Amino acid sequence: GNSVTQMEGPVTLSEEAFLTINCTYTATGYPSLFWYVQYPGEGLQLLLKATKADDKGSNKGFEATYRKETTSFHLEKGSVQVSDSAVYFCALSVTTDKLIFGTGTRLQVFP
Amino acid sequence: DTEVTQTPKHLVMGMTNKKSLKCEQHMGHRAMYWYKQKAKKPPELMFVYSYEKLSINESVPSRFSPECPNSSLLNLHLHALQPEDSALYLCASSPPDRGYNSPLHFGNGTRLTVT
């Protein structure tokens, strides 16, 4: 079946540290991959996406590369800020209308 | 600011009450979704409407009744809920030319508490 596995959180970092949140997937066919972010008290926002192998999605300093050989889509940022504290969800889609989410990873950034 | 608007932001209801959650978008999106999110969990799909017709019902109990009056509005009618139905209810929409690589646009949700 189709599934997404994310690293357990919380991830706790100091401001300006390097961030990696691991995400691997299992899918039949050729999925599209997404990272969504959920700030406290809010809904989910699309952070970035990639639709085919070797695509790199990027937004707000975050990046993720669609790696078919390792079935991974790890999220990275070179220098995190306190305002990046949120829950990050990796997700995949292989059909219209169904988005399959990972369990989410909470990021806490301290000054 | 989100382009998908949900009301109310918070709702407390008793197990015998009837209430409705509302969702509105004016982006011309033709697919609309209801998700349920429990604390520290990912969202779970409940219903999908495509061009105002119900296309997916993820075996949701009948105490949840969706309605799509037009392409901009989506309602979720609630009746005889249980305390375990307390959660954040999220509405989402996606563009009319959606393929499976189209992202969803989420509202900020309604925080529901059933007493």
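The values are calculated or read from the model by the stated rules, or taken from the named source; none is laboratory data. Everything numeric in this text was worked out from a predicted model, so none of it was measured. Every residue, glycine among them, receives a Cβ derived from its backbone with ideal geometry; neighbour counts consider all protein chains shown.
Does region A:14-65 hold any residues that are among the acidic types (Asp, Glu) and touching a Lys or Arg at 6+ places or on another chain (Cβ under 7 Å), and which are they? Working first, answer last.
Looking only at region A:14-65, we keep the residues that are among the acidic types (Asp, Glu), and these are A:15-16, A:42, A:54-55, A:63.
A:Glu63, the sole residue that qualifies.
Does at least one position in region B:72-84 carry a residue that is small (Gly, Ala, Ser) and within 14 Å of another protein chain (Cβ to nearest Cβ)?
Looking through region B:72-84, none of the residues is small (Gly, Ala, Ser) and within 14 Å of another protein chain (Cβ to nearest Cβ).
Just the residues that are farther than 19 Å from A:Val80 by Cβ and either loosely packed, with under 15 Cβ neighbours inside 10 Å or among the acidic types (Asp, Glu) (or both), please, taken from region A:6-44.
A:Thr26, A:Thr28, A:Gly29, A:Tyr30, A:Gly41
Which count do you get for residues in region A:94-105 that are aliphatic (A, V, I, L, M) and more than 7 Å from chain B (Cβ to nearest Cβ)?
Going through region A:94-105 one residue at a time, the tally reaches 1.
Only one residue in B:Glu24, B:Glu44, B:Glu58, B:Glu84 is buried (at least 17 other Cβ atoms within 10 Å of the Cβ) and within 27 Å of A:Val37 (Cα to Cα), so which one is that?
Result of the check over B:Glu24, B:Glu44, B:Glu58, B:Glu84: B:Glu24.
Give me a count of the residues in region B:19-28 that are modelled with pLDDT under 95 and in contact with a strand residue (DSSP E or B) (Cβ under 8 Å, 6 or more places away or on another chain).
Within region B:19-28, residues that are modelled with pLDDT under 95 and in contact with a strand residue (DSSP E or B) (Cβ under 8 Å, 6 or more places away or on another chain) number 1.
Limited to region B:20-49, what total is found for residues that are touching a residue at least 60 places away in the same chain (Cβ under 8 Å) and farther than 19 Å from A:Leu46 by Cα?
Residues in region B:20-49 being touching a residue at least 60 places away in the same chain (Cβ under 8 Å) and farther than 19 Å from A:Leu46 by Cα: 1 in total.
Within region B:1-21, can you find the residues that are within 15 Å of the chain's Cα centre (by Cα), crowded, with 17+ Cβ neighbours inside 10 Å and more than 17 Å from B:Ser94 (Cα to Cα)?
Those that are within 15 Å of the chain's Cα centre (by Cα), crowded, with 17+ Cβ neighbours inside 10 Å and more than 17 Å from B:Ser94 (Cα to Cα): B:Leu11, B:Lys19, B:Leu21.
Of the residues that make up region A:57-71, is at least one more than 25 Å from B:Lys41 (Cβ to Cβ), within 14 Å of chain B (Cβ to nearest Cβ) and touching a residue at least 24 places away in the same chain (Cβ under 8 Å)?
Yes.
For every residue, the table says whether it meets (1) farther than 30 Å from B:Leu112 by Cβ; (2) more than 9 Å from chain B (Cβ to nearest Cβ); (3) within 12 Å of the chain's Cα centre (by Cα).
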| site | (1), (2), (3) |
| --- | --- |
| A:Thr12 | yes, yes, no |
| A:Val37 | no, yes, yes |
| A:Leu46 | no, no, yes |
| A:Lys49 | no, no, yes |
| A:Asp55 | yes, yes, no |
| A:Ser83 | no, yes, no |
| A:Val87 | no, no, yes |
| A:Cys90 | no, yes, yes |
| A:Leu107 | no, yes, yes |
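Specify the residue that is nearest to A:Leu99 (Cα to Cα); the eligible residues are those in region B:1-34 that are part of a strand (DSSP E or B) and facing chain A (nearest Cβ under 9 Å). Give the derivation first.
In the first step, residues of region B:1-34 are kept if they are part of a strand (DSSP E or B); the result is B:4-7, B:10-13, B:18-25, B:31-34.
Applying the additional criterion that residues be facing chain A (nearest Cβ under 9 Å) yields B:4, B:6, B:31, B:33.
Details: B:Val4: 18, B:Gln6: 20, B:Ala31: 13, B:Tyr33: 11 Å.
Once the filter is applied, the top-ranked residue is B:Tyr33.
Can you name the residue in region A:72-86 that is without any contact (Cβ under 8 Å) to a residue 60 or more places away in the chain and among the hydrophobic types (A, V, I, L, M, F, W, C) and, of all such residues, is surrounded by the fewest Cβ atoms within 10 Å (Cβ to Cβ)?
The qualifying residue surrounded by the fewest Cβ atoms within 10 Å (Cβ to Cβ) is A:Ala86.
Among the residues of region B:29-41, write down those that are surrounded by fewer than 15 Cβ atoms within 10 Å (Cβ to Cβ) and modelled with pLDDT of 95 or more.
B:Lys38 - this is the single residue of region B:29-41 that is surrounded by fewer than 15 Cβ atoms within 10 Å (Cβ to Cβ) and modelled with pLDDT of 95 or more.
How many residues are touching a Leu at 6+ places or on another chain (Cβ under 7 Å) and away from chain A (no Cβ under 11 Å) when one looks only at region B:39-70?
Number satisfying all stated conditions: 4.
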